[in-house]
Amino acid sequence: MIDPELRRSIVELEMVRSIEIHPEGRVDVVVSLTTPGCPIRAQFERAVAENVGKLEGVTSVGVGFDVLSDSEKQGLQQKLGRPGGLPEGALAQVKNVICVASGKGGVGKSTMTANLAAALTAEGHPAGALDCDVYGYSIPRMLGVNSKPEVNGERKILPLESPSGVKVMSIGFFVEENSAVVWRGPMLHKAIQQFLEDVAWDELEYLLLDLPPGTGDVSMTLAQLLPQAKFLVVTTPQPAAQSVAQRGAEMAKKFDLEILGVIENMSGFTTPGGERFTIFGEGGGQLLSDELDVPLLGKVPLSEPLREHADNGSPLVIDDPDAPASQAIRQAARGIVAATPQELPVLQSTPSPAEAPPVGGTPLPVVQ
């Protein structure tokens, strides 16, 4: 069973307190939560009961809960590399987290993030966009939102909703317009962690993270905080961009993060007369996807309307879905849907070792 916030197996995290098997086939399981008012308690109860109930010989399942002690929480924080504390449910209802990355700037990564989020939402897959490019934030402008977020009664920040239905969060909402953000690494880490854990994302099928170029602090922070996130690599056809993008993909592999696929942007320009020019070269996206052994999800043509609509805050995939660039991005969005699970992570099973040791502990009161 996968904890949807910590994105790790609850057995690996030592959150299964006890398992008691009764002769008549009843099984009682006690799970330790990080906090008494854990917002994903009901999900745990339902998922454990459902999965244990499928086992041969099990006639009924009782699920009980207790809370990790302070020392156990500290040990878990050290194990996860989260000295600032454990999350409390903000990502519990987000089914898939996808990091949109590139090795270098200027390849249209933010444009792809904004349009992919809008395309997914338009096709019935609610999506959010988190602007992790703290220094070069641009997602608010591209999705047409720019105001101060509010805070709900649970002291969670409410993301803004764009006209296209995408939920958006960015550092741009909290600084003066066009202000420069001058932060060092630890401040970046804390800001990204807060955007993930203190924002009320609620139910989303996809949360797209627009990463800054390169393989610096933000990318490593996300790899640490989201060990089950998937990476989507954006490149242009030219060999220089393709080789640099490969470095970003190698960083993801070092952290054992799955690479979902490649999108080639600016793949060619077609004049009104039908003549095609490969301004940035040809074939870089396919070459990168072959080297990484992942699918090429789309080849998006160089398009002035795509740029214009991004500048105006109205994604082209919504305003002109029949445009060639829109069709390519929607095809990529469908590829993302086909390659990602449609169930919440907490409902996914993890392979168990053949000789798994029994889990001990003192039985606690059980919820019938």
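Each reported figure results from applying straightforward, stated rules to the coordinates on display, with no laboratory input. Bear in mind that the values here come from a model prediction, so they are computed numbers and not experimental data.
What pairs from K109/K167; K54/K156; K79/K104; K79/K299; K156/K299; K109/K148 go past 29 Å between their alpha carbons?
Working: K109/K167 18 Å; K54/K156 36 Å; K79/K104 32 Å; K79/K299 41 Å; K156/K299 38 Å; K109/K148 25 Å.
Beyond 29 Å: K54/K156; K79/K104; K79/K299; K156/K299.
Fully extending the segment from R46 to K73 would add 7.3 nm, taking 0.36 nm per residue of separation and subtracting the current Cα-Cα distance. In order along region 48-61, phi translates into HN-Hα couplings of 5, 4, 5, 6, 5, x, 7, 6, 5, x, 7, 9, 7, 10 Hz, rounded to whole numbers, per the Karplus curve 6.51 cos²θ - 1.76 cosθ + 1.60 with θ = phi - 60° and x for Gly and Pro.
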